[in-house]
Amino acid sequence: MRKDGARQPALHVGGIRFNQMEGGRRYMVFEVFLKGTLFFPCEPDRGLVRVQELTPEKAGQLIWVRARIHTSRAKGKQCFLVLRQQQFNVQALVAVGERASKQMVKFAANINKESIVDVEAVVKKVEQTIESCSQQDVELHIERIFVISQAEPRLPLQLEDCVRPEGEGDEVRMRTRALGPRTTTSQAIFRLQSGVCQLFRDTLTNKGFVEIQTPKIISAASEGGANVFTVSYFKTSAYLAQSPQLYKQMCICADFDKVFCVGPVFRAEDSNTHRHLTEFVGLDIELAFNYHYHEVIESITDTMVQIFKGLRDKFQTEIQTVGKQYPSEPFKFLEPTLRLEYSEGVAMLREAGVEMGDEEDLSTPNEKLLGRLVKEKYDTDFYVLDKYPLAVRPFYTMPDPNDKKYSNSYDMFMRGEEILSGAQRIHDAQLLTERAMHHNIDLEKIKSYIDSFRYGAPPHGGGGIGLERVCMLYLGLHNVRQTSMFPRDPKRLTP
Ligand code: ATP
């Protein structure tokens with residue numbers, strides 16, 4: 001029975017180790033494990049304080065903190081530690097004196113980096129700002145230190161190197177994914193990414209959208225083309241979905257009116273670029289409109305603007321943390337969002353010396369160049385390019401009723417790179433069949449999709465956004481692998 005009277009679960013005693021130092025005396029502590037959880041049966045709740053809460057207002061207080069040893073440096077009778085908790089870190093000091101013995105300083109200096117410790121310490125204001133830490137105005141003067149979990153002495157990656165601007169290459173970071181996401185930069189990136197998903201969901205839910213789930217194992221390639229992964233499926237084979245496209249449209253046909261989904265999207269493209277993954281997270285939107293497909297564009301651009309504002313207002317700490325390692329200009333956007341027509345974009349490029357045909361798709365360099373031209377002229381990092389040539393869009397794209405060369409389709413760009421493709425979709429079964437045949441798509445395989453338009457379908461449109469690209473471009477990063485916790489690309493399937 002425990003002290004509080006609750007029944008003690010069956011425990012496996014892991015071992016005894018000298019891992020506690022108190023005022024220079026060494027204590028013997030039982031480490032008791034239960035399914036990997038470390039219990040301290042005799043310890044009271046220490047009332048742990050978060051590192052980010054260590055501010056000058058707490059000066060003079062004796063507090064407990066649980067954190068990792070980020071760095072440690074012994075110097076004579078003292079040992080300087082940097083204690084890290086997610087994206088926050090604080091300097092700490094153990095010095096020989098009234099409350100700490102020589103052995104305690106030695107003990108602290110010998111704790112391996114990345115170990116998790118509990119320290120009891122007095123918060124002290126510092127005279128000079130500590131530039132290298134997130135908590136720049138205070139340091140901790142440690143009186144007791146307990147090791148909660150010891151890290152192995154040899155780390156595959158030096159975390160303090162990883163967050164320097166000229167730090168470890170991405171390749172090293174990717175290979176050591178067990179440690180990479182621990183860096184303050186990664187902590188900030190993935191917290192911001194979580195924010196993008198949350199803002200996307202909240203904004204659309206407030207606009208009356210319904211979140212839907214669509215299958216990822218499908219019987220036919222949704223968009224045609226060869227870039228689909230085939231998987232064995234009992235006695236036959238199936239594909240991994242390249243997008244939820246056909247399903248979200250079928251939900252519109254089923255009168256859901258406005259739908260969105262967040263989920264994995266697979267592309268079997270051997271594209272070894274800074275912005276292509278073979279699996280990424282798709283943020284997809286589809287909605288019925290009343291009079292004009294620009295209602296759809298407005299709904300999507302407003303959603304993006306709400307996301308940008310939410311990030312700007314709620315994620316400044318994260319933006320600044322990432323900016324320390326990867327400096328970039330703050331992300332700029334206009335209200336209402338700038339919308340240019342494709343032909344205008346082509347004209348701007350031609351004026352800048354680019355030779356291209358009216359119906360030619362934008363190459364990546366031209367896309368980037370246009371982004372720079374738009375930024376110079378309109379001072380925005382976010383804009384829409386509307387009315388793409390029909391020839392470069394998927395079969396379900398609605399042709400422009402006034403000019404068959406073009407279509408009611410659009411891309412959206414952040415810092416000159418595509419983050420969304422979308423369009424008004426064909427909602428007439430006859431026209432859809434013709435366009436599918438024109439694209440050599442096996443009609444039998446998309447029969448249920450085409451059938452859903454036979455029984456009446458509202459005019460509708462939507463778009464697909466790549467989550468990793470949005471995060472990469474918002475933060476001004478240069479590789480989509482930095483915004484994917486466990487990236488999948490043609491050369492990477494682990495971890
Ligand atoms: P790109 O021209 O850059 O290859 P795409 O035209 O194939 O992109 P869509 O199929 O229209 O892109 O997908 C919609 C969005 O999904 C893109 O704007 C992008 O944000 C994201 N996306 C597409 N392909 C990838 C990929 N391989 N890796 C990461 N994100 C992607």
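Any read-out appearing in this document is the output of simple, stated calculations on the displayed coordinates, not a laboratory observation. Small disclaimer: the values here were computed from a predicted structure and weren't measured. So basically every Cβ, Gly included, is an ideal-geometry build from the backbone, and we count neighbours across all protein chains shown.
Couple of notes before you dig in:
- The overall shape of the chain, judged from the alpha-carbon gyration tensor, is prolate: a/c is not under 1.5, and a/b is greater than b/c.
- Sorted by Cβ density within 10 Å, fewest first, the residues 328, 363, 232, 484: 232, 363, 328, 484
- Isotropic mean projected area of the C-alpha convex hull, the stretch 288-343 (nm²): 5.7
- Added length on full extension, which subtracts the Cα-Cα distance from 0.36 nm per residue, residue 161 to residue 101: 18.5 nm
- Exposed GluC sites (Glu not before Pro) absent - longest run of the chain, DSSP non-H/G/I/E/B, at most 15 other C-beta within 10 Å: 167-354
- Charge tally around residue 125: other residues with Cβ under 11 Å, Lys/Arg +1 each, Asp/Glu -1 each, net -2.
- Unsatisfied cross-links (Cα-Cα over 25 Å) in the set 309/375; 75/125; 216/405; 235/445: 216/405
- Straight-distance crosslink candidates among aspartates and glutamates, where the alpha carbon sits under 20 Å from residue 491 and sequence neighbours closer than 8 are dropped: 168, 170, 171, 269, 270, 279, 468
- Within straight-line cross-link reach of residue 404, lysines at Cα separation under 23 Å, skipping those fewer than 8 residues along the same chain: 387
- Average Cα contact separation per residue, the stretch 361-447, under 8 Å, 6 or more apart, as relative contact order %: 26
- Sites listed here are trypsin sites (Lys or Arg not before Pro) in the stretch 190-285 whose DSSP assignment is loop and whose Cβ has at most 12 other Cβ atoms within 10 Å: 235.
- Distant alpha-carbon pairs in the stretch 359-495 (separation over 26 angstrom), percent: 39
- Per-residue 3J(HN,Hα) values for the stretch 147-153, derived from phi via the Karplus relation 6.51 cos²θ - 1.76 cosθ + 1.60 with θ = phi - 60°, read 8, 8, 8, 8, 8, 5, x Hz in sequence order (x marks Gly and Pro).
- Scanning residues 5 or more positions from residue 414 or on other chains, those with amide H under 5 Å from its amide H are 419, with H placed 1.01 Å from N in the peptide plane.
- If the chain linking residue 455 and residue 128 were pulled fully straight, counting 0.36 nm for each residue of separation and taking away their Cα-Cα distance, it would gain 110.5 nm.
- Likely footprinting exposure, 483, 183, 205, 380, fewest C-beta neighbours within 10 Å first: 205, 380, 183, 483
- Anchor residue 113: aspartates and glutamates whose Cα lies under 16 Å away (excluding residues fewer than 8 positions away in-chain): 152, 160, 161
- Dipole in debye (nearest 20) - the stretch 259-330, about Cα centre, beta carbon charges: Lys, Arg +1; Asp, Glu -1: 360
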